[in-house]
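Okay, structure first, notes after.
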Amino acid sequence: MADQLSIPERDEEGALNDILESTALERAALAQLINAEAEKIKGVLGFEGISADKILEFQESVDGIMQTSIELQKLIQEDLKYVLEMKKGGLLNDEEEVMEVEEEILEEIEGDTKKIKKRITKKSGDLE
């Protein structure tokens, strides 16, 4: 039987630190992706005799990646806002309400375009 992934139990502070660490890693990966696109643009601009069609095709590819980057940046910002609200005590009350958070990252490839989606589902209430 395959080993199951076990998620260690964390207190609120530990969970918030995990979210912050994850967010920092996502930002670093996003910065690397944007830098790689900038390098590709520099390379294409150095080609002599490249056709207008190829330039437009390349521009569409870069545009798709940059749009995805913008969407990911918005999601990362939401994660940070969530952590700040939690640290201020805005989401949990003295009764220690239990909140379940589920995160899913989806990757879709359509032709030459890669789409990355992050879905966060938050359920609050008594979980027994």
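Residues considered: 21, 12, 26, 39. Of these, the only one that is modelled with pLDDT of 80 or more, of a type in the set (Asp, Glu) and surrounded by 11 or more Cβ atoms within 10 Å (Cβ to Cβ) is 26. Please indicate, with yes or no, whether at least one residue in the stretch 80-88 is at pLDDT 75 or above and more than 30 Å from residue 14 (Cα to Cα). Scanning the stretch 80-88 turns up no residue that is at pLDDT 75 or above and more than 30 Å from residue 14 (Cα to Cα).
Of all the listed residues (79, 53, 63), the sole one being on the phi < 0 side of the Ramachandran plot, assigned to a helix (DSSP H, G or I) and surrounded by fewer than 10 Cβ atoms within 10 Å (Cβ to Cβ) is 53.
Yes/no matrix, rows are residues, columns are (1) within 22 Å of the chain's Cα centre (by Cα); (2) surrounded by 11 or more Cβ atoms within 10 Å (Cβ to Cβ):
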site	(1), (2)
30	yes, yes
35	yes, no
43	no, no
72	yes, yes
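A search for C-beta distances below 8 Å between a residue of the stretch 48-77 that is within 30 Å of residue 20 (Cα to Cα) and touching a residue at least 40 places away in the same chain (Cβ under 8 Å) and any residue that is surrounded by 12 or more Cβ atoms within 10 Å (Cβ to Cβ) and aliphatic (A, V, I, L, M), counting only pairs 6+ apart in sequence or on different chains, returns 65/33; 68/116; 72/30; 72/116; 73/30; 75/120; 76/30.
The values are calculated or read from the model by the stated rules, or taken from the named source; none is laboratory data. These numbers were taken from a predicted model, which means no experiment stands behind them. Cβ: placed from backbone, ideal geometry, glycine included. Neighbour counts: every protein chain shown.
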